[in-house]
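A.B. asks: Below you will find the structure I want to go over with you.
Just so it is clear, none of the values below were taken in a lab; they were calculated from the coordinates. Just so it is clear, the structure is predicted and the values come from calculations on it, not from any experiment. As a convention, Cβ positions derive from the backbone with ideal geometry for all residues, glycine included, and neighbour counts pool all protein chains shown.
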Amino acid sequence: MLLAKVVGTVVSTRKEPSMDGLRFMLVQPVDLNGKPTGPHVVAVDAVGSGIGEYILFATGSSARQTQMTDKRPCDAVIMAIVDNWEVRGEIKYHKGTEETKHRQTEWQGA
């Protein structure tokens, strides 16, 4: 699983029929401090995430192991919305805190 932030949506009106009904989100992988790292990824949203939320996503064959993506040709899936994370005893992110709101505002300028 990889940590990322949802930064946008992707709309496709014409696609492989087995992908009908799936919601596509644009995610930006982040490091343990919440800073952007690596290229953006388009992922199927299996949990109802929203723009600005931190999430966990899987790629490759693991992306096809959720109930929503089983036997569908997807290479990335969002399978969890992150409430918080801690590194070596330090809380790096906690959903809904003022520090988080500051970090999100800071992030939008990046």
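A.B. asks: Would you check if Gly52 is within 21 Å of Ile91 (Cβ to Cβ), crowded, with 17+ Cβ neighbours inside 10 Å and in contact (Cβ under 8 Å) with a residue 40 or more places away in the chain?
C.D. replies: No; evaluated as a whole, the condition is false for this residue.
A.B. asks: What pairs can you find where one residue is in the stretch 2-24 and in contact (Cβ under 8 Å) with a residue 60 or more places away in the chain, the other is among the charged types (D, E, K, R), and their Cβ atoms are less than 6 Å apart, with a gap of 6+ or different chains?
C.D. replies: Val6/Glu53
A.B. asks: Still on this structure: Select, from Val42, Val27, Val7, the only residue that is more than 20 Å from Arg72 (Cβ to Cβ) and of a type in the set (A, V, I, L, M, F, W, C).
C.D. replies: Val7
A.B. asks: Pull up the stretch 10-24, narrow it to residues that are among the basic types (Lys, Arg) and loosely packed, with under 14 Cβ neighbours inside 10 Å, then point me to the one that is farthest from Ile78 (Cα to Cα). It would help to see each step written out before you state the result.
C.D. replies: The initial filter retains those residues of the stretch 10-24 that are among the basic types (Lys, Arg), namely 14-15, 23.
Within this subset, residues satisfying the condition of being loosely packed, with under 14 Cβ neighbours inside 10 Å are 14-15.
Details: Arg14: 21, Lys15: 19 Å.
Top of the filtered list is Arg14.
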